[in-house]
Amino acid sequence: MLYGAAVRRIASATVFPLLLASAVGGAAWALGEGLPLDRVLAVTSLASIVAVALLERLLPFRPEWNRRHGDVLADALYLPTSVGLNGAIEPVARLAGVAVGSWLSAALGVGLWPATWPLLAQLALACVVAEAFDYWAHRVMHESALLWRFHATHHSAPRLYWLNATRAHPFEVVLRGIVAFVPLAVAGAGEQLLALYGVVTIVVGLFQHANVDTTLGPLSWVFSIGEVHRWHHAPRVAEANHNYGNNFLFWDVVFGTRYLPTDRPAPATIGIEGLEAFPTRWLAQLVSPLRWTRIVADSESLRTT
């Protein structure tokens, strides 16, 4: 029994950094060998999904979250929507970004991106830059009543597991995809670097919502996954309006929005307090921003009956 507990503690502390390092290292090697970017991203994504889905069975945070909650079909329908929109955004954003970046570089007389840095140093900078823009996009979606109507779709999940990492309204996917990607394109980040940044986003995004018992330790000041991100999905707005980092917590630390209580565990129940009538079906969620007043009214009725 003690041996099993020790193994679990070790696994909880190591599975995330090991998988992230393996994914980034493997992708960097494949790109260095000249393999196509789209193939590298596809293989890395599939391998990461399989690994995280398996870990949810071997090392679950909450075993009950491995059971269906009437959400699998809706979450599965978001997968092609989110992936497809991101795939459509990238080439358009790249063209626009490169055009603007070239103009700025010519005007300033110097390149904007430190292309001579080692690739891993460039990757670290890309993470900091992209997160700065996405942090504010995410935060505004919480603090703006209008934009919250779209972001509420993501918070409507009744549990956290790998598939609902893509549960996001298409409007949010487009908005945050542009906000995070365009600055890197404008700065002149290269294709290989953008591909590696995509690998980081895939792996961290999967672990962010995975039902895997990860113990971050000091990394809870760096990565927005596991116990940190579960507080972002707390039903109470006062608790959920923290930990806005998409992959990292750099800017949450800077702006004082990192939140990880040490006196109690993350809530076992997630969702949106006071919005009990939020639809569970995919199509109804897509039109929910247009039916917001009715959803709020129906939620109030449920609480008073």
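Peptides 282-292, 201-211 ordered by packing proxy, namely the average of other Cβ atoms within 10 Å per residue, highest first: 201-211, 282-292. Based on DSSP H assignment, which helices of the chain show an axial Cα extent of at least 24 Å together with a mean Kyte-Doolittle hydropathy greater than or equal to -0.5? Span-like helices, by this rule, are 2-32, 37-58, 72-108, 119-143, 170-187, 191-209.
Of 149, 303, 68, 167, the residue with the largest accessible area leads and the full order is 68, 303, 149, 167 (1.4 Å probe). Using the alpha-carbon positions of the chain, Rg (one decimal) and Dmax (whole number) come out as 19.8, 67 Å. Along the chain, the exposed loop sites are GluC sites (Glu not before Pro) outside DSSP states H, G, I, E and B with at most 16 other Cβ atoms within 10 Å, and the longest stretch free of them is 34-272.
Considering Cα pairs under 8 angstrom that are at least six residues apart, work out the relative contact order of the chain and quote it in whole percent.
On the way: 404 pairs, mean separation 74.8, N = 305.
Computed over the chain, the figure is 25 percent.
Applying the criteria of a DSSP loop state and at most 12 other Cβ atoms within 10 Å to the chymotrypsin sites (Phe, Trp or Tyr not before Pro) of segment 1-86 yields no site. Placing one equal scatterer on every Cα of segment 124-244 and applying the Debye formula, the log10 ratio I(q)/I(0) at q = 0.09, 0.16, 0.22 Å⁻¹ is -0.25, -0.82, -1.50. So, in Å, what gap is there between the alpha-carbon centers of segment 205-270 and segment 113-184? A separation of 15 Å, based on Cα centres.
Entry note, the chain: the mean residue ellipticity at 222 nm calculated from DSSP H runs of n ≥ 4, each adding -39500 (n - 2.57), is -21500 deg cm²/dmol after division by the residues and rounding to the nearest 500.
For a paramagnetic label modelled on residue 276 (point 7 Å from Cα along Cα→Cβ), amide N atoms under 14 Å away belong, within segment 285-305, to 296-305.
With only Lys, Arg, Asp and Glu charged, each at its Cβ (+1 for the first two, -1 for the last two), find how big the charge dipole of the chain is about the Cα centre; round to the nearest 20 debye. Present the calculation step by step, with values, prior to reporting the outcome.
On the way: 21 positive and 21 negative charges, 95 e Å.
Value, rounded to 20: 460 debye.
Taking all protein chains together and a 1.4 Å probe, the residues 178, 10, 270 rank 10, 178, 270 from largest to smallest accessible area. In the context of the full set of protein chains, residues of the chain present 49 Å² of accessible surface per residue (probe radius 1.4 Å, heavy atoms only).
Suppose a student asked you for the relative contact order of segment 153-305, using Cα pairs under 8 Å spaced at least 6 residues apart; what percent would you report? Present the calculation step by step, with values, prior to reporting the outcome.
Numbers: 169 pairs, mean separation 34.2, N = 153.
For segment 153-305, the relative contact order is 22 percent.
Ignoring ligands, DNA and RNA, how do 81, 262, 214 rank by accessible area with a 1.4 Å probe, largest first? Intermediate results must be reported in sequence, preceding the final value.
Details: 81 30, 262 140, 214 10 Å².
Solvent-accessible surface, decreasing: 262, 81, 214.
Putting +1 on Lys and Arg Cβ atoms and -1 on Asp and Glu Cβ atoms, find which of 261, 188, 84 reaches farthest to the positive end of the dipole of the chain. Result: 261, furthest along the dipole toward the positive end.
Between residue 6 and residue 253, what is 0.36 nm times their sequence separation minus the Cα-Cα distance? Round to one decimal in nm.
Details: separation 247, 0.36 × 247 = 88.92 nm, distance 3.13 nm.
Additional length available on full extension: 85.8 nm.
Close amide H partners of residue 223, meaning residues 5 or more places away or on another chain with modelled amide H under 5 Å apart, are 249.
The values are calculated or read from the model by the stated rules, or taken from the named source; none is laboratory data. Just so it is clear, the model here is predicted, and its values are computed rather than measured. All Cβ positions, glycine included, derive from the backbone under ideal geometry; neighbour counts span all protein chains shown. Remember, those area values only see protein heavy atoms, side chains included, never the ligands or the DNA or RNA. Shrake-Rupley method; radii C 1.70, N 1.55, O 1.52, S 1.80 Å.
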